[in-house]
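What follows is a short report on a single structure.
The values are calculated or read from the model by the stated rules, or taken from the named source; none is laboratory data. As the structure is a prediction and not an experimental result, all values here were calculated from the model. Ideal geometry is used to build each Cβ from the backbone, glycine not excepted, and the neighbour counts take in all protein chains shown. Just the protein is used for accessible areas: all its heavy atoms, side chains included, with ligands, DNA and RNA removed. Shrake-Rupley method; radii C 1.70, N 1.55, O 1.52, S 1.80 Å.
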Amino acid sequence: MNARADQPSAPSPANVGIVIVSHSPLVAKGAADMVRQMVGDCVPLAWTGGNVEGGLGTHVAGIAAAIEAAWSEAGVAIFVDLGGAETNSEMAVERLGPARAARVAICNAPLVEGAVVAAAEASGGSSLAKVVATAEELSP
Amino acid sequence: MHLAAADLSALIALCRAEIDRHGEHLGALDSAIGDGDHGANMRRGLEAVFAERDAIAALPLPAALERIGLVLVMNIGGAAGPLYGTLLMELGRALPDGDEADDLAAPLERAIAAVARRGRSGPGDKTLLDVLYPVQAELVRRSPPGDIAACARSAAHSTGPMQARRGRASFLGARSIGHEDPGASSCALLTAAICGYFEEHRPS
Ligand SMILES: [Mg+2]
């Protein structure tokens, strides 16, 4: 399993967190590196990629761990690549229970560009709704 | 019908063996129109359920089905994990308390609707739903297990000419036509295995 909290130092807990979910751990980590380069460590950030055995895929436990790692009271925005990443993310979010699930959004946006743009928006202290809207403006 | 712990444990073992036997075939079907991992994913899921079968079989049927669903979600991964997981979890939630399941058709209808919502899919999208809908219709007609199994097999077969509208296979557009859907195929295998058990051991 590959799930990493990518937090060199304590980020501002007021900012929306970002979670990156890819079928490939390399893609997920690479996208997280790009987010980190953009916003430093002022946004909670975590990535997960690969199936339970470390092969290409996604899995609910890895996504759940990434959500916990990037948790912010302001909410968490999740970026996914292909279909299974989205449905597995939905399962992970539902398992948080209604109160916390309401503070998590799975964004309909490209994985890399979406996460970078969202993190930039989040680093300014924007609400989850604003972070999601900014990222989803990228979608065709 | 009454489902004893021994029945549930035997059904789990049967499903696991069936998926194991056809794992390569499911992988090959998925390679044709997807990423080729369906056989390995299903094997992993069924192995995980099999490893827990004693604890699962000791639970009342609704809780047992919910638990199986959760284990499948956590272990199958891919797109199939949430779909099979939702099916079993919702079936467990839709059943009345206790081990009596006189009317499986209505709870299954609810569970299938939940799978359709989860996958944002419907009939004809070339998914396991194309097996689940006709199987549920057979249950409504109270068809014998052998007929339900035959229906499941032919329903899976009928996904061949369909064009995928969901999942990675949809990226292929018309090129997805001519290949049986791997999810429909595994669903038919499992349905037929379960029906085979009930043909041999008619539950009281
Ligand atoms: Mg696959």
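Above 22 angstrom, tally the Cα pairs of region B:84-159 and express them as a % of all pairs, no decimals.
That fraction is 21 percent.
In a shell of Cβ-Cβ distance under 14 Å around A:ALA129, excluding A:ALA129 itself, what net charge do Lys and Arg (+1) and Asp and Glu (-1) give?
Net charge around A:ALA129: -1.
Using the alpha carbons of the protein assembly as shown, what is the convex hull volume per residue in cubic angstrom, as a whole number?
In the protein assembly as shown, the Cα convex hull volume per residue is 124 Å³.
How long is the gain from B:GLU47 to B:TYR133 if the chain were fully straight, where each residue apart is worth 0.36 nm and the alpha carbon distance is subtracted?
Here the segment from B:GLU47 to B:TYR133 would lengthen by 28.3 nm.
What distance in nm separates the simple spin-label points at B:ALA55 and A:LEU138, each placed 7 Å from Cα in the Cβ direction?
Those two pseudo-labels are separated by 4.0 nm.
Given region B:148-187, report the % of alpha carbon pairs whose separation exceeds 11 Å.
61
Output the 0 to 90 degree angle, nearest 10, between the alpha-carbon long axis of helix B:38-51 and the longest principal axis computed from the alpha carbons of chain B.
10
In whole angstrom, how far apart do the alpha carbon centroids of region A:45-108 and region B:128-204 sit?
Their Cα centres are 30 Å away from one another.
Using a 1.4 angstrom probe with every protein chain in place, what is the largest-first accessible-area order of A:LEU56, B:LEU65, A:LEU45?
The most accessible residue leads, giving A:LEU56, B:LEU65, A:LEU45.
For chain A, with a Gaussian network of springs between Cα atoms less than 10 Å apart, report the residue from A:ALA65, A:ALA99, A:ALA28 with the top mean-square fluctuation.
Evaluated over chain A, the most mobile residue of the options is A:ALA99.
Amide H to amide H, which residues 5 or more places from A:ILE106 or on other chains are under 5 Å from it, using H placed in the peptide plane?
It is A:ILE78, by chain and number.
Can you pull the mean other chain C-beta count within 10 Å for peptide A:47-60?
What the average comes to for A:47-60 is 5.
Would chain A count as rounded, prolate or oblate if I go by the C-alpha gyration tensor, calling it rounded below 1.5 in a/c and otherwise prolate when a/b exceeds b/c, oblate otherwise?
Judged from the Cα gyration tensor, chain A comes out rounded (a/c under 1.5).
Can you pull the three principal axis extents for the Cα set of region B:5-201, in Å, largest first?
Answer, in whole Å and largest first: 47, 35, 30 Å.
By how many nm would the segment from B:HIS201 to B:ALA17 lengthen if fully extended, with 0.36 nm per residue of separation less the alpha-carbon distance?
64.5 nm is the gain from fully extending B:HIS201 to B:ALA17.
What does the buried accessible surface come to for A and B, summed over both chains, with the probe at 1.4 Å? Round to 100 Å². Mind dumping the intermediate values first?
Numbers: alone 6260 and 9440 Å², together 14270 Å².
Buried: approximately 1400 Å² between B and A.
Please compute the net charge surrounding B:SER176, taking Lys and Arg as +1 and Asp and Glu as -1 over other residues with Cβ under 10 Å from its Cβ.
Residues close to B:SER176 contribute a combined charge of +3.
Mind checking the full-extension length gain between B:ILE177 and B:HIS157? Use 0.36 nm per residue of separation minus the Cα-Cα distance, one decimal, nm. Numbers along the way, then the final one.
Values: separation 20, 0.36 × 20 = 7.20 nm, distance 1.20 nm.
So the extension gain works out to 6.0 nm.
Would you grab the residues whose amide H sits under 5 Å from the one on A:ILE20? Only those 5+ places off in sequence or on another chain, please, with H modelled 1.01 Å from N.
Long-range HN contacts for A:ILE20: A:ALA46, A:TRP47, A:THR48, A:PHE79.
Considering only protein heavy atoms and a probe of 1.4 Å, how much of the accessible area of chain B is carbon and sulfur, as a whole percent?
55
Across 10 Å bins from the origin, how do the percents of Cα pairs in region A:71-116 run, short distances first?
28, 53, 19
Which of A:ALA101, A:SER24, A:THR134 sits closest to the plus end of the dipole of chain A, meaning its Cα is farthest towards the positive end, when Lys and Arg get +1 and Asp and Glu get -1 on the C-beta?
A:ALA101
Per residue, how much accessible surface does region B:1-142 expose to a 1.4 Å probe? Answer in Å², no decimals.
Here the per-residue accessible area is 40 Å².
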